[in-house]
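Data first, discussion second: the structure below is written as structure tokens.
Bear in mind these aren't lab numbers, they're just calculated from the coordinates by the rules spelled out. Bear in mind the structure is a predicted one, so any value in this text is a computation, not a measurement. Cβ placement follows ideal geometry from the backbone for every residue including glycine, while neighbour counts extend to all protein chains displayed.
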Amino acid sequence: MLKFDRFILDNGLEVIVHRDKTTPMVAMNIIYKVGARDESPDKTGFAHLFEHLMFGGSVNIPKYDEPLQQAGGENNAFTNNDFTNYYLTIPKNNLETAFWLESDRMLSLAFTQKSLDVQRHVVIEEFKQNYLNQPYGDVYLLLKPLAYKRHPYQWNTIGKDITHIEKAAMDDVKDFYNKYYNPGNAILSVAGDVTTGQIRKLAEKWFGPIPPGNTPGRNYPEELPQNKPRKKTVERGVPQSAIYLCWLMPGRNDPDFYTVDLISDILSNGNSSRLFQKLVKGRKLFSELNAFVTGDVDPGLFIVSGKVLNGTTLEQGEEAILEELESFMTDITDEELQKVKNKVEANLIFSKLSVLNKAMLLGYFQMLGDAALLGKEEQKYMEVTKEDIVTLSGKLFRKEKQNALFYKAVKQ
């Protein structure tokens, strides 16, 4: 279990500190509690656009990367449905540089038309390259609105429509920044050979003077119960036809999340897994077949995806998958369950080795509600029983709750 201290500045900034004496590097992680789910349906992709804009320079620091690199640091960021995450590592002797950089862009990001135009172009090209012009790139642009009819998870982090970013105005961008990029909506976590007193002093100096901002309210529309299966078929110029089946599953803070996560591992984690042994290696219906969970804070998706081999129709592939899911509910073994638990245990241990991962994980679990939850993860997985797996599988894979995307390969 990782030991940590926690305090909150007067402006609402939550701060987590973990001391790791084994490394000369310090990791700093900042989570802003804003993701794709916080966007307006007619202005999507803004959280991801902001990830790019935050590297465009602040009022006092025109080029974020230069002073960080001169201090021996590295940085990056990512955006998802639920939050935006900025992280860096830096030698501990230069730690104050990191506080200076991150506090300045939280306080006063430089809003210039040039920066907006440049980053907008980058995001538009990313949208085209990764989602529109790449084989299977538009899968989740199609699958998510099939599964979600009300909740904002129905669009991707990149955005629902490329025109939303193309039309993003300066006033829209400033409003988004002022609403979400403030201390009261952020979590700062630091890991390295540092003391809590040292971090408190730096946090007070650099982040303390920043106005708290108004903490945005969150009231996401819930999905109505799904009472009949949904299906969509598209034709694309891809090498192989593919099938994507998905079901709504418990959110990240739901106690049942751990059971469903283990279900995905039993079905698809490694060459000894159910789906690989039965349908890839055994019946040779698929060239690849995977089951995974999205792990979102609100109810996410349990997805089974596979590319069928020539001669197998998508209907035959779907039938074979559903047969395996039905079989899985009745003959799961203790050995299978223990094997995936062992893998989970090893992965959890490995995930806490690097100083950067420690900072990121503590920040993430604080965002979920309490950084101490990190120390309870292993126990929650280990407590899952075979009976839990059977019960949850029966609830999860109900035919009327299934969403299917048939992705047919056609010659062009």
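Miscellaneous remarks
- DSSP beta bridges in the chain [antiparallel fraction, %, rounded to 5]: 80
- Dipole of the stretch 91-157, positive direction: furthest Cα of 119, 129, 142, with charges on the beta-carbon: 142
- The ratio of the alpha-carbon radius of gyration of the chain to the globular-protein estimate 2.2 N^0.38 Å is 1.05.
- The angle between the Cα long axis of helix 95-107 and the longest principal axis of the Cα atoms of the chain comes to about 80 degrees, rounded to the nearest 10.
- Cleavage-rule hits (trypsin sites (Lys or Arg not before Pro)) in the stretch 16-67: DSSP loop, at most 14 neighbouring Cβ within 10 angstrom: 21, 63
- Given charges at beta-carbon only (K, R positive; D, E negative), |dipole| of the stretch 1-150 in Debye: 360
- Total charge dipole magnitude, the chain, about the Cα centre, Cβ charges on Lys, Arg, Asp, Glu only, Debye to nearest 20: 460
- Among 103, 309, 25 - extreme Cα towards positive end, dipole of the chain, charges at beta-carbon: 309
- DSSP beta bridges confined to the stretch 230-409 are antiparallel in about 75 percent of cases.
- Exposure proxy order (Cβ contacts within 10 Å, fewest to most) of 241, 40, 351: 40, 351, 241
- Close lysine pairs were tallied over the stretch 52-162: pairs 8 or more places apart or on different chains with Cα atoms under 20 Å apart number 5.
- Here the stretch 274-412 is treated with +1 on each Lys and Arg Cβ and -1 on each Asp and Glu Cβ, and its dipole about the Cα centre works out to around 540 debye.
- Charged neighbours of residue 236, selected by a Cβ distance under 12 Å, balance to 0 (K, R count +1; D, E count -1).
- Straight-distance crosslink candidates among aspartates and glutamates, where the alpha carbon sits under 18 Å from residue 201 and sequence neighbours closer than 8 are dropped: 5, 10, 14, 96, 102, 104, 193
- The residues packed around residue 382, meaning those with a beta-carbon under 10 Å from its beta-carbon, carry a net charge of -2 if Lys and Arg are +1 and Asp and Glu are -1.
- When the chain is described by a simple charge dipole with +1 on each Lys and Arg Cβ and -1 on each Asp and Glu Cβ, the residue from 15, 207, 280 located farthest towards its positive end is 280.
- Electrostatic tally near residue 357: other residues with Cβ closer than 14 Å to its Cβ, Lys and Arg +1, Asp and Glu -1, net 0.
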